[in-house]
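A quick write-up on the structure given underneath.
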Amino acid sequence: MTVPTTGPLAGVRVLDLAGEAGVFVGRALAELGADVVRAESGADRVRQREPFLDGVAGPERSLHHLHFNAGKRSVALDPRAPEGQSGLRALAGAADIVVTTPGPGAPGIAGLEDLRAANPGLISLVVTPYAPDSPFREEAGSDLTAVAAGGLMYLNGFPDGPPVRPGAEQGYHMGSLVALATSLVVLAARERDPQHRGAVVEVSLQEAVSMATLQTANANLYTWHGLIPRRRGLTGPRGERSLFECRDGGWISFVVPLGAPALWDAFTGWVAEAGIESPYAASEWSQPEYRAAHPDVTAGIVAQLCRLQDRDELFHEGQRRRMLVMPASTAGDLAGSEHLAQRSFFTAAGHEHLGRELTDVGTPYRFSATPARVPRRAPRLGEHTAEVLAELAGPRPAGAPRRENAAAEPGRLLEGIRVADFCWLIAGPSATRMLADYGADVIKIESRSRLDNIRAIGVQPAEPGSLDTNGVFNDCNTGKRSVTLNLSHPRGIELAKELVARSDVVTNNFTGDRMDRWGLGYEDLRKINPGVIMLTMPALGATGPFRRYGSYGNGLIAFSGLNQNMGFAGDPPLGMAALYSDFSAPYAAVAAIAAALYHRERTGEGQFIEVAQAEATMNLLGPDILEFTANGTLPPRLGNRSRDDVPHGAYPCAGEDRWCAIAVRTDAEWEALAHVIGAADPRFATLEGRRRHEDEIDALLGAWTGERDAPAAARRLRQAGVPAHVVADLSDLLAPGGGLRDRHIVGVERDGVTFHTHAQPAVIDGQRTRPRAAPRLGEHNAEVFTGLLGLTDADLAGLAEAGVIY
């Protein structure tokens, strides 16, 4: 019996044929209300992954399966048999979305493209290691090689050590998030406009991963200045340190506000109260520039402060003082969090066939009209075969109309949708830039009195630069219009409401109830626009005891558990150099917006959506957290090694700081690698044998790579069928041929300056979006206030003089 769904995608049908690289997509679609049918021909690799429930192996007991397949129905079909292919084609013919990850052993459908003739509304979602226009498009890849190829791995680690992979397979997660959001943009467009139909959406793991480097390794650092960001351990790009050990052995992310006078005074007052000697009374320390030039002094003082208090004590006291202080949580900390408990973030489901109830992470979305949830536990293999096949044999439920029209250009999918965008910094603007890239009219609402700080922080083409030329800002805000509206003025609020009245979507990423205090909360706005969809992206959520706590990327990845699940045992909980949550959470937000647009097209109903950035990040660590809640153990920190694959790591190559990432997943891949490097040995023929001799294998492999150029070594292994890639730095990403330049990282001209920005990491029906320039501050005031709101030029001049448009 089909479990009724309540999410915004209720009635959407999905066929899930994905391997590890895309299995998360189906879970996320199920959370949003889709009926996801997973076709399986046996215990696939997802069901064979460690760890297992209570340490007992079995296809129903893998925690990867229990997490990633939650919410789905399982159908056992053998794609090698004619009846299996017939069943798969019938499922695809009834589906809105088919998710595939082509590769050896993947249960593909013969002639899937032919199905689009019978089902023109079909969205074929394909997740691959490399893009279809990449020179590597036919070559094998894995999570490890994705984070290496996309430039993210190179940034993590200590300067004198190897690059470190992100924890919890974030290459697969970033690819899945991009695939999820893009497929739902296509779905919403299909529902909204009869000119649109389905599409083939191809998402590259390499390009999806590269989005997370947008700030830390912004392309303009290299194209303007020839700089290549490198690993810095616990310090940031300007020498500042953010992670410190506390009195009780816990770790905390502590960012000192060097440029905000009130917050600097709060920090120095805290230091004085703690009895710590400091030089801060000297006049030079009153200058933010001087403070920024001496980060090591302040880091030493923060280290002393942290050693005086336990982690949680320091966390709450720091937040009371409005400091950006966040604990580096373990999975156990998250499972026991009072804040998450009050927000009911975790979800429990009975698994009667296992004799257990299991607690897993919940959804990162909160919808006011169409609640999202995980609708069912992970299925037993083939559990729903008879049920699903009976449904196919019966009358087909009414679904979306099947269209014969031509596919839309990707850059016009959301044409006609208007977004009133109150977002600032990176996470919010990165979400709305995706909407703009796909054709929405995104009006960025900012002002000189409340500036988007990213205009001022980051790489400039030349000193001193301007508020319009920051490389990071220009990458996060492509294609938008900018108006300067002072929300501290009553007339500014009135004009903001007039914009909302003409908009489909309203977005913000402020903390807590900031929009409500302006009179721009959802209950206020729905009175003037009942169909409006409003999205908020607070750091820790709009409810719960931490709702007013502030943070940004460094603190959020620490709080969410990413620091504690990566790096080498015995090292500090390193975390990611890139502010990862700023680039992963936006795709969850876009998925929610697109799902709500789809629902509104069918019902006319708008709604309020909350996507807490911390919870969107925790949602990407599901197996790690499930391991603690189910088995009572914390996942080990393995550096670049894997529980499932040997060898698996980054190996030094000839030249300075050059590395090759190599992952062997099967005995056949090991045989191919052993042939290439001349390491055939019967002791290594099986996974168990390789595990017993992992150190020896790593030494053999390191000796082979150490004599070779990294690109040549990776190329030789890929040609043999072994997942391998250079651990790419920024110059590799921008190199001609094998890099991402002119495909995914493209030049955009404005005012005589070329800004290198990231295009969306998806190819839709063979086409890419081409980013348009980000706006100058207030560039579209006249265009929006006169053209859209009907003000006169005289009105505009008066409002500027009164400081309303400012």
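The values are calculated or read from the model by the stated rules, or taken from the named source; none is laboratory data. Here the structure is a predicted model, which means the values were calculated and not measured. Cβ atoms come from the backbone with ideal geometry, glycine included; neighbour counts cover every protein chain shown. What goes into the accessible areas is simple: the full protein's heavy atoms, side chains included, and nothing from ligands, DNA or RNA. Shrake-Rupley method; radii C 1.70, N 1.55, O 1.52, S 1.80 Å.
Data for the structure
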item	result
More than 38 Å apart - percent of Cα-Cα pairs taken over the chain	38 percent
Label-point separation, Ala292 to Arg137 (7 Å along Cα→Cβ), nm	4.4 nm
Nitroxide proxy distance, nm - points 7 Å out along Cα→Cβ at Ala43 and Ser86	3.0 nm
Hydrodynamic radius of region 497-587 per Kirkwood, over alpha carbon pairs, in Å	15.2 Å
Selection from Val37, Ala558, Ala680 lying farthest towards where the dipole of the chain points positive, charges on Cβ	Val37
Nitroxide proxy distance, nm - points 7 Å out along Cα→Cβ at Arg502 and Ala797	2.2 nm
Apportionment of accessible area to carbon and sulfur, the chain, percent (1.4 Å)	51 percent
Per residue accessible area of region 432-571, 1.4 Å probe, in Å²	32 Å²
Stretchable slack from Leu227 to Ala10, in nm (0.36 nm times residue separation minus alpha-carbon distance)	73.3 nm
Principal axis box of region 414-503, alpha-carbon based, largest edge first, Å	40, 32, 17
Cα Rg, Dmax (largest Cα-Cα span) when computed across region 47-107, Å	14.1, 40
Share, in percent, of DSSP beta bridges within the chain that are antiparallel, nearest 5	45 percent
Å² per residue, accessible surface of region 595-670 at 1.4 Å	29 Å²
Residues of region 1-151: accessible area per residue with a 1.4 Å probe, Å²	30 Å²
Rg/Rg_globular for region 469-548, with Rg_globular taken as 2.2 N^0.38 Å and Rg from C-alpha atoms	1.21
Loop sites in region 77-142: trypsin sites (Lys or Arg not before Pro), DSSP, at most 13 other Cβ within 10 Å	Arg80, Arg137
Where chymotrypsin sites (Phe, Trp or Tyr not before Pro) fall in DSSP loop in region 203-289, at most 14 other Cβ within 10 Å	none
Principal axes of region 181-328: Cα extent on each, largest first, Å	68, 38, 29
Extended-chain gain in nm, criterion 0.36 nm per residue less alpha-carbon gap, Asp751 and Ser283	164.5 nm
Quotient of Cα Rg and 2.2 N^0.38 Å for region 318-447, N being how many residues it contains	1.59
Whole-number D in µm² s⁻¹ for region 1-159, Kirkwood Cα-pair radius fed into Stokes-Einstein, 37 °C, 0.692 mPa s	193 µm²/s
Reach of Lys527 by Cα under 17 Å, taken over lysines that are not fewer than 8 positions away in the same chain	Lys497
